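Step one of this worksheet: look at the structure below.
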Amino acid sequence: MSRIGCGEDYGGAASSDAMHFWTSWAAASSASYMNMLLRGSTWFQSMLMGGAPSTQHGSRGTPPLSGFFEDWFRLASFPFQWWSRSRGDDIPVLVIALDVSASTKGDYQVMTPYCVPDSTVQVTPLRKLEDPGKEFSPNTVEVKLRQDGNAVTVSLIDLQLGDKDRGFYIALVWTADGAERRPLAILNVIVM
């Protein structure tokens, strides 16, 4: 997998940013290249055996390129993922525009600045900036952490909106790691 794995520890060798990038790049690229080689060798072997249906290989015996492209795109996105992870201070902001008649909206996926597998993700109430007393309960924001801990999926559910609810709302998606609170995303909702 080309994402930076959670809990990768390279000891003192990765103490500088350059060494951390290099060791992470080596891990990501070797996994991607192994997947590409495995797909290619499997295709070549089945072509030699002659028993595989043509739908498995694409038209006229060509290899299925979607798997190759998928690995290549994962590898190509690595520098951007590494940069966002290594800085650790860039909290993604998700902006959702809603019409007053909408009651649900989603699924929006956003990468997290921290790798937090097996964590419980929490969200603050959606609070209106113009009127801090007006808020929607945290139950209206559904947040799911992806299994590898690298991204969260956010959905808005069961919003009972009216004309008086027009405005700008904000919430914070976060997780607790022991006594430390880690912000994962800032959610901005504009009700028009």
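Based on this model, can you work out whether Pro113 counts as modelled with pLDDT under 80 and either touching a helix residue (DSSP H, G or I) at 6+ places or on another chain (Cβ under 8 Å) or not assigned by TED's automatic domain parsing to the domain that holds Ile186 (or both)?
yes
Inspect the stretch 99-107 for any residue being outside the structural domain of Ser24 (by TED's automatic domain parsing), among the charged types (D, E, K, R), in contact (Cβ under 8 Å) with a residue 24 or more places away in the chain and surrounded by 14 or more Cβ atoms within 10 Å (Cβ to Cβ) and give the result as yes or no.
Looking through the stretch 99-107, at least one residue is outside the structural domain of Ser24 (by TED's automatic domain parsing), among the charged types (D, E, K, R), in contact (Cβ under 8 Å) with a residue 24 or more places away in the chain and surrounded by 14 or more Cβ atoms within 10 Å (Cβ to Cβ).
Give the residues of the stretch 7-23 that are at pLDDT below 75, surrounded by 14 or more Cβ atoms within 10 Å (Cβ to Cβ) and either touching a strand residue (DSSP E or B) at 6+ places or on another chain (Cβ under 7 Å) or under 18 Å from Leu75 (Cβ atoms) (or both), sorted by residue number.
The answer is His20, and nothing else.
Do we find that Asp148 is of a type in the set (Asp, Glu), in contact with a Lys or Arg (Cβ under 8 Å, 6 or more places away or on another chain) and on the phi < 0 side of the Ramachandran plot in this structure?
So Asp148 passes the test.
Report yes if Leu184 is buried (at least 17 other Cβ atoms within 10 Å of the Cβ) and part of a strand (DSSP E or B), otherwise no.
Yes; evaluated as a whole, the condition is true for this residue.
Please pick out the residue among Ser41, Ser54 that is exposed (fewer than 11 other Cβ atoms within 10 Å of the Cβ) and at pLDDT below 55.
Ser54
The values are calculated or read from the model by the stated rules, or taken from the named source; none is laboratory data. All figures in this text were calculated on a predicted structure; none of them were measured in a lab. Glycine also receives a Cβ, built like all others from the backbone with ideal geometry; neighbour counts cover every protein chain displayed.
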